[in-house]
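Where a number appears in this text, it was derived from the coordinates with a stated rule and is not lab data. What you see is a predicted model; the values in this text were computed from it and never measured. Every residue, glycine as well, gets a Cβ built from its backbone with ideal geometry; the counts of neighbours run over all protein chains shown.
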Amino acid sequence: MVMNLDHNLTKQIEEICAARGVRLTSQRKQVFELICSSRKASSAYELLEALQQSEPQAKPPTVYRALDFLMGQGFIHRVESTNSYISCCSCNAHKHFSHLLICKQCSDVTELQDETLVSSLEHNAEKHGFKITNHVIESHGICQTCSSETKRETVKDYAR
Ligand SMILES: [Zn+2]
Ligand SMILES: [Zn+2]
């Protein structure tokens, strides 16, 4: 069921949870592994369907509770514009804001962390006496893989 999974990631979050004294239940762990096994962002519904293959009794609240826990620990991020979830590229990090690049063709999501971008947004807001408490920085477009595939196909078309 779970493919391309980096077991080190699971081990890493197991250790972090142990150090923080929080419980990584098997369902929470499975939801995390499902999110990690996909390059594209997963919706709660997709996660529920996948989880039900091993845990037929799993219900939507099971998934939402696991997602809340994983987000609270900083292991995953919610992609607001597509209402889906990705694993964080630096699970061990403190709470951070990231800039997400979302491919509209393959749904691949790349997480970037750019402190200068965040501080420049904060700086601009401060000029208006505004204190930012949360950011959603998401860009939509075409990823490198998809744009090189499009190019290859164009070349093929010309060769015909
Ligand atoms: Zn992150
Ligand atoms: Zn793509």
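Computed values, structure above
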read-out	value
Taking the chain and dividing mean pair separation by its residue count, relative contact order in percent (alpha carbons under 8 Å, at least six apart)	18
Selected from Leu9, Tyr45, Ser81, residue furthest toward positive end of dipole (the stretch 1-119; charges at beta carbon)	Tyr45
Long-range HN-HN contacts of Ser84 with modeled amide H, under 5 Å	Val79
Given charges at beta-carbon only (K, R positive; D, E negative), |dipole| of the chain in Debye	160
Helical mean residue ellipticity (222 nm; -39500 (n - 2.57) per DSSP H run of 4+; nearest 500) of the chain	-15000 deg cm²/dmol
Percent of Cα pairs exceeding the 16 Å cut-off, where the set is the stretch 48-160	71
Rounded FRET efficiency, nearest 0.05, which uses the C-beta distance separating Leu117 from Gln53 and R0 of 41 Å	0.55
